Amino acid sequence: TTGVITIPVVVHVLYNVEAQNVSDAQVAAQITVLNKDFAKANADARLIPAAFAPLAVNTNIQFVLAKQDPTGAQTTGIIHKQTKITSFTTNDVVKFSKRGGDDAWPASNYLNLWVCNLGGGLLGYAQFPGGKANTDGVVVLYSSLPGGSSVSYNKGRTATHEVGHWLNLRHIWGDTNCGNDLVADTPTQQTSNYGCPDYPHITCNNKGDMSMNYMDYTDDACMYMFSAGQAARMNALFDTGGSRASLLN
Ligand code: ARG
Ligand code: ZN
Ligand code: CA
């Protein structure tokens, strides 16, 4: 695929108490963060170490709040719904109306983004391509949105990271010691990084971990790039026969 891919997004806001009912303005700010991060238009891209600067790219993937619902009616692309559930987890309850969540819109046509309270320190989780349509999408903690109360994780990068997974990206350390993330231009690294590591943090005989990659576990303020290899892996999903190609229609 050539040119910019624009993905319609439906945001399902599930709140138990009013503090969790993020505003439409905050949702819009989250979409803006996604668009900046995926376009390498984020201001902190200037912090990318010189060794990685040639690898940092605009992915050519963008996001827009849905303007039409599945019936064709006009929509803001944002659903606010109160729930009796005080805290959700990775069991996908948030994705089903009859369980206290909100049903997915057709995954063939929308990115479903659920915003809710999550327990156990969980910031978010995502479904990789190729899974069931009724659970497809990403879930993020309400306070991880830009300006939220989740300290070190309130610049909206949790959504950037989770959408990376939804577009087939693995964690940069390959989820095992010096593991493989199936992307050639991201250095092999020992494990996840947290906080804000100094570059170079050398592991696995690399020249420095790419800890500033969105697919590490660093603070929101310390992750600011996708690599060319990651962008190619994401874009491949939209090729003819690719598992997210239906979103282009
Ligand atoms: N722990 C979550 C996951 O593995 C998200 C981590 C997001 N990190 C961040 N700096 N926002 O999917
Ligand atoms: Zn992850
Ligand atoms: Ca790699």
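The values are calculated or read from the model by the stated rules, or taken from the named source; none is laboratory data. Because the structure is predicted, anything quoted here is derived from the model rather than measured. Backbone-built Cβ (ideal geometry, glycine too); neighbour counts: all protein chains shown.
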* Among residues of segment 151-192, those that are farther than 26 Å from Leu237 by Cβ and either among the β-branched types (Val, Ile, Thr) or more than 10 Å from ligand 1 (Cβ to nearest atom) (or both), counted -> 5
* How many of the residues making up segment 44-67 are surrounded by fewer than 17 Cβ atoms within 10 Å (Cβ to Cβ), among the hydrophobic types (A, V, I, L, M, F, W, C) and either within 18 Å of the chain's Cα centre (by Cα) or part of a strand (DSSP E or B) (or both)? -> 1
* Asked: What about Phe63, is it at pLDDT 95 or above, within 29 Å of Tyr224 (Cβ to Cβ) and of a type in the set (Phe, Trp, Tyr)?
  -> yes
* **Residue within segment 208-215 that is on the phi > 0 side of the Ramachandran plot, of a type outside the set (A, V, I, L, M) and within 16 Å of ligand 1 (Cβ to nearest atom) present** => no
* Just one of the numbered conditions (1) within 20 Å of Thr158 (Cα to Cα); (2) surrounded by 18 or more Cβ atoms within 10 Å (Cβ to Cβ) is not true of Arg244; which one? -> (1)
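Scan Pro129, Pro70 and give me the residue that is exposed (fewer than 15 other Cβ atoms within 10 Å of the Cβ), in contact with a Phe, Trp or Tyr (Cβ under 8 Å, 6 or more places away or on another chain) and either modelled with pLDDT under 95 or not basic (Lys, Arg) (or both). Explain how you work it out, then say what you get.
Details: Pro129 fails: exposed (fewer than 15 other Cβ atoms within 10 Å of the Cβ).
That would be Pro70, the only listed residue that is exposed (fewer than 15 other Cβ atoms within 10 Å of the Cβ), in contact with a Phe, Trp or Tyr (Cβ under 8 Å, 6 or more places away or on another chain) and either modelled with pLDDT under 95 or not basic (Lys, Arg) (or both).
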* Asked: Among the residues of segment 198-212, is there at least one that is within 12 Å of ligand 2 (Cβ to nearest atom) and assigned to a loop (DSSP other than H, G, I, E, B)?
  -> no
* Asked: Under the condition of being crowded, with 24+ Cβ neighbours inside 10 Å and assigned to a loop (DSSP other than H, G, I, E, B), which residue from segment 157-182 is nearest to ligand 3 (Cβ to nearest atom)?
  -> Ile172
* Residue check: is Tyr199 more than 16 Å from ligand 1 (Cβ to nearest atom), of a type outside the set (Val, Ile, Thr), at pLDDT 95 or above and in contact with a Phe, Trp or Tyr (Cβ under 9 Å, 6 or more places away or on another chain)? -> yes
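Out of everything in segment 132-156 that is outside any loop (DSSP other than H, G, I, E, B) and either buried (at least 24 other Cβ atoms within 10 Å of the Cβ) or of a type in the set (A, V, I, L, M, F, W, C) (or both), what residue ends up being farthest from ligand 2 (Cβ to nearest atom)?
Among those that are outside any loop (DSSP other than H, G, I, E, B) and either buried (at least 24 other Cβ atoms within 10 Å of the Cβ) or of a type in the set (A, V, I, L, M, F, W, C) (or both), it is Ala133.
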